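All remarks here apply to the structure that follows.
The values are calculated or read from the model by the stated rules, or taken from the named source; none is laboratory data. Since this is a predicted model, take the numbers as computed values, not measurements. All Cβ positions, even for glycine, are placed from backbone atoms using ideal geometry, and neighbour counts span all protein chains on display. Remember, those area values only see protein heavy atoms, side chains included, never the ligands or the DNA or RNA. Shrake-Rupley method; radii C 1.70, N 1.55, O 1.52, S 1.80 Å.
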Amino acid sequence: MRSFFIRLVSGIEAGLGGIFTGGVRSVLTVLGVLIGVASVLSLLAIGLGTRQAIADQYSSLGTNVITVQSHSNAVQLTTSTASTVQQLATGITAVMPVVGVNAPVSWRYGEASGLGVLGVTPALLQIRQGRLLAGSFISDLEETNDLYVAVLGYNAYQNLFGVVDPIGQDVYIGNASFRVIGVLAPLASSGLGPGVTALGAPSTSSSSSSSSSSSPSGTGASGTSSNTASNTVATGEGIDSDILIPASTAQLLVTTNQVSSIWIKAASRAMVTPVVEQVQRILATLFHLQSDGQVAGSSPAGLKPFVGLPLRPGGTSSSPTLVSGGTTGNQAVSVTSLNALVTQADAANRILTLMLTAIAAVALLVGGLGVMNIMLVAVRERTVEIGLRKALGALEEELLFQFVVEALLLSVIGGFLGWIVGYLGIGLVHRYGVAAVAIPGALWVALAASAAVGVVFGAYPAYLASQLEPVEALQRQ
């Protein structure tokens, strides 16, 4: 045992001596491993950060949420459909019909772009786990009586009003006037987060209506509003940039009792799949859906009269349109779990991360080839030293150990420096808005990867050194 430790210490000492005498050669070897390790760690961190960002984004949309959307004119979802699902399905805590409205939004004489209009019920706060920043939310009374009240998403409030308190102000959706009764806290995060200010406080992200209102009514804002509402009715994403009004009032705007989608809240994560299956069976019975998703029969949609709107003074009545889903394969209606979307997005991101890591591993492979090349050069330059050591009685395993240790130390030093550079790189890309999270045990991963590179690519040069004959080595001098 004592002789083993003596050989170990002498091998490490000889390896360190070879590193320090290598000069620029050793520096280049370390640099190659450094670049490879830093690349792998950085891309793994970006992949992990992206996965967490996707999970957080969908979690902010509400946990255990199921959405129902129609993709065929023969299947028209209505509030009655939502009521039927709520009565027949078990394991649910809330059901809400959602009406997406495609209409321009303005305050006073300025029109704002990028805002959607969504008809919802009081169940939204339960489904989306949201909370109010100011004022109150839509009540059952306001929903039942088709009142013209509105709750602003946080971005919508900043876009329209800037530093002005919006509570009690009137906004126009098309030409219909709505009284603002509340403002939602940002639903994209659990708290207020950076840049979120109290009502009436200055904010760098806000803009007054006058600064964003140069376009006349009916121009580009309507198209942007349609895109925003389409994203929101599908999964709830982008609700911070929406204006929320009672669903019954939204149906008056679009002159139909049809709804864009239905949101359902399952009682628990374990109940999501059973609820999806129940809803699919209920819809198949209601709309006579066949097993291939085609419609065997259709359900007529009723209409509600477009009357009683509080219009802008001097304005004319225009008819906003309903935002609905497009065609999705052969399915007339889709029942989608946001949990399933998280799983699918995570799986796709995991594959992408593996591909990026494999590409980065090429840099580590190149670093390993650099280690082998430098060690082969070192063996050739130190043949006299090898011959003298063998002539003095050095064993083959001692020479093998010496050069393997030298390659190992070069690689581990490069791995440690690569971990530092990778850590700094993660902080840099995160600072500029790219999601990146350091992987657990990144230091040990870096050291293990670099050590493996040193042993694998240093073994062959070490073997050549151990096999040199003393006479041949001395003759090369």
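Take 97-105, 450-458 and order them by the average number of nearby Cβ atoms within 10 Å per residue, most first; the result is 97-105, 450-458. The modelled label-to-label distance between residue 80 and residue 448, using points 7 Å beyond Cα along the C-beta direction, is 6.2 nm.
Solvent exposure of residue 375, expressed as accessible area, is near 0 Å², computed with a probe of 1.4 Å over the protein chains only. Taking 0.36 nm per residue of sequence separation and removing the Cα-Cα distance, the residue 434/residue 27 pair yields an extension gain of 143.4 nm.
Between beta-carbons, use under 15 Å as the cut-off and find the net charge around residue 135, counting Lys and Arg +1, Asp and Glu -1. Can you show the working numbers first?
Details: positive: 131, 179; negative: 142, 165, 170.
That sum, taken over residues with Cβ under 15 Å, equals -1.
Roughly speaking, what is the stretch gain from residue 164 to residue 388, that is 0.36 nm per residue apart minus the C-alpha to C-alpha distance, in nm to one decimal? It would help to have the intermediate numbers written out before the result.
On the way: separation 224, 0.36 × 224 = 80.64 nm, distance 8.71 nm.
Computed gain between residue 164 and residue 388 is 71.9 nm.
In the range 326-477, taking the dipole from charged Cβ atoms about the Cα centre, the farthest positive-side position among 372, 428, 451 is held by 428.
What's the magnitude of the charge dipole for the range 387-477 around its Cα centre, counting Lys and Arg as +1 and Asp and Glu as -1 at the beta-carbon? Answer in Debye, nearest 20. Each step should come with its number before you reach the end.
Values: 4 positive and 6 negative charges, 82 e Å.
Using only the charged Cβ atoms, the result is roughly 400 debye.
Set the Förster distance to 60 Å, then compute FRET efficiency between residue 463 and residue 267 from the Cβ-Cβ distance, nearest 0.05. The partial results should precede the final answer.
Numbers: r = 65 Å, r/R0 = 1.08.
For R0 = 60 Å, the calculated efficiency reads 0.40.
Under 5 Å from the amide H of residue 114 lie the amide H atoms of 224, 225, each residue being 5 or more positions distant or on a separate chain, with H modelled from the backbone and absent for Pro and chain starts.
If the segment from residue 9 to residue 179 were pulled out straight at 0.36 nm per residue, it would be longer than the present Cα-Cα gap by 53.0 nm. If R0 equals 45 Å, the separation of the Cβ atoms of residue 376 and residue 139 corresponds to a calculated FRET efficiency of about 0.05. Amide H contacts under 5 Å for residue 64: 339, restricted to partners 5 or more places along the chain or on a different chain, H placed in the peptide plane at 1.01 Å from N.
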